[in-house]
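Below is one structure, written out as structure tokens; comments come after it.
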Amino acid sequence: MSYESFANRYLRLLRNSSARLALVLVALLAVMGCSHVRSTATEIAPSTSALTTASAPANTGAQTSYADVVARVAPAVVTVRAEQRVRAPQQHPFIDDPFFRQFFGDRMPREQQPPQIEHVLGSGVIVTPDGYILTNHHVVDGAENIKVDLSDRRTFDAKVVGSDPPSDLAVLKINASNLPVLTLGDSDRARVGDVVLAIGNPLGLDQTVTAGIVSAKGRATGVGDGNFEDFIQTDAPINQGNSGGALINTNGELVGINSQILSTSGGSIGIGFAIPSNMARGVMDQLIKTGKVRRGQLGVGVQTVTSDIAQTLDMKNVQGVIVSSVVPGSAGERAGLKQGDVITALNGQPVNDSNSLRNRVASAPPGSDVTLNIVRDGREQQVKATLGEFKPPTPRDEEAAAGDGAGNSNGMSNGKLGLRVEPLTPDIAQQLGLPANRQGVVVADVDPTGPAADAGLERGDVIEQVNRVPVHATADVTSAVARSGARPVLLLVTRVSRGQANTIFVTVRPRA
């Protein structure tokens, strides 16, 4: 075979081999491509499904609109307009004085002006189809004429069924039927971080919806006349006119009645408070049935146990509330509760702070039996009590705490606590507004840079016990503080403010 023939056959073989190899490579790439596409599709499908699920209104994922929820519940939120008669200014006391008349002449009013009408604007929530409406006590307090505007522009006269200042709640009634209602939810299930919507009529505007989250629970502000506070705190903007309006969850359930704001400007700064729906339900039911609210009462003063108090009592855990005072003849005294007892549970449920214990006791009817878990002298035990009935405190004339309680004697200065005390004599006790037979020592002076001042002690405070031991003289305090060493000192202190004596435990960390 010639060289030329061999070369031609070799070239044909190469071309055929290359073609076959190319076909094989194409086939492999096609298979790999299909596998890749199938794999990618498999990966994308779950993500697309998850995104679709997250967009569904029933899920707690990313939700872009609450329009459906608002459209369903907004008709049950109303505007409440109240008129209150306020006392007109008194006639000028110097109207007939020639000296003043030479300056003002006939411009001085000679007759007392007629009473003036003050207009109050708030909101309310329809809770029954036949016209019962929840709102705030402060919206209708003292009102002589109340109007309710519905979302369909109808206006009704309203009457007050009952009003409860301690909870700042009131129930109104309008003569209507087949009204839209807002379902009361379980406010105990609301969690910090849940999305909530506030619906009301702020600043005279028509119905307005704002959104936020639950910022905190179990708040007590001490603002206003309310004695029983268990607020839901929210950053959903609340302004004047929102009072009595609805705080709802994303299921359209009422979880709170908007009541208060804390503000440095008078407007919303993201700190609003709503009365929990569970408290509102209990108050509403009683107001509708009887026109008033009855609450249970234990008759003890309590305060939350701090780490310092727990240390002085040799408690393993920081928990419960400590009994600082027991009212004579109260349910607490009849049950055998004593100063210094630590209440850790009520009816088997842990007690975390003084405010929640008071609210839970108040929610029980008078005459009901409760079981308390207490720690006394390091030992756990159970105490059963039959609750009395809470009576709102009657106004008392303010009494000035005459005298500073210091006297002129040379009381011993206690360097470790940064205060000076003197024996509590009958005269000093009476000057402070206390019974003449009150026992203890009175704080004569407080070092403003010392630990006693840091703990809030003031001149005129009466120290009755140090580390659970009664004291009658300055030497008693000095020796008790010395025995404490570096540990916090537990003081039982009575302070008279505005004519009211309050007894509490105070812990003070001695100077080294």
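The values are calculated or read from the model by the stated rules, or taken from the named source; none is laboratory data. Computed from a predicted structure; not experimentally measured. All Cβ positions, glycine included, derive from the backbone under ideal geometry; neighbour counts span all protein chains shown.
Residue-level check: of (1) farther than 30 Å from Asn242 by Cα; (2) under 21 Å from the mean Cα position of the chain (by Cα), Leu313 misses just (2). The set of residues in the range 139-150 being crowded, with 22+ Cβ neighbours inside 10 Å and within 23 Å of the chain's Cα centre (by Cα) consists of Val139, Val140. No other residue among Ser167, Ser163, Ser177 is surrounded by fewer than 16 Cβ atoms within 10 Å (Cβ to Cβ) and either in contact with a strand residue (DSSP E or B) (Cβ under 6 Å, 6 or more places away or on another chain) or not hydrophobic (A, V, I, L, M, F, W, C) (or both) apart from Ser177.
Filter the range 490-511 down to the residues that are among the hydrophobic types (A, V, I, L, M, F, W, C) and either in contact with a strand residue (DSSP E or B) (Cβ under 7 Å, 6 or more places away or on another chain) or outside the structural domain of Leu419 (by TED's automatic domain parsing) (or both) and list them by number. Those that are among the hydrophobic types (A, V, I, L, M, F, W, C) and either in contact with a strand residue (DSSP E or B) (Cβ under 7 Å, 6 or more places away or on another chain) or outside the structural domain of Leu419 (by TED's automatic domain parsing) (or both): Leu490, Leu491, Leu492, Val493, Ala501, Ile504, Phe505, Val506, Val508.
Taking the range 285-299, which residues are within 22 Å of Ile133 (Cα to Cα), not in a loop (DSSP other than H, G, I, E, B) and not basic (Lys, Arg)? Listed by number, the residues that qualify are Asp285, Gln286, Leu287, Ile288, Thr290.
If the condition is being in a helix (DSSP H, G or I) and modelled with pLDDT under 90, then the range 338-357 contributes Ser354, Asn355, Ser356.
Taking the numbered list (1) more than 15 Å from Ala274 (Cβ to Cβ); (2) surrounded by 15 or more Cβ atoms within 10 Å (Cβ to Cβ) in turn, Gly124 passes all entries but (1). Checked against the criterion of being crowded, with 18+ Cβ neighbours inside 10 Å, part of a loop (DSSP other than H, G, I, E, B) and at pLDDT below 95, the range 153-160 contains not a single residue that satisfies it. For first residues located in the range 460-483 and crowded, with 20+ Cβ neighbours inside 10 Å, partners that are at pLDDT 90 or above and of a type in the set (Asp, Glu) and lie 6+ apart or on another chain with Cβ distances below 8 Å form the pairs Val471/Glu464.
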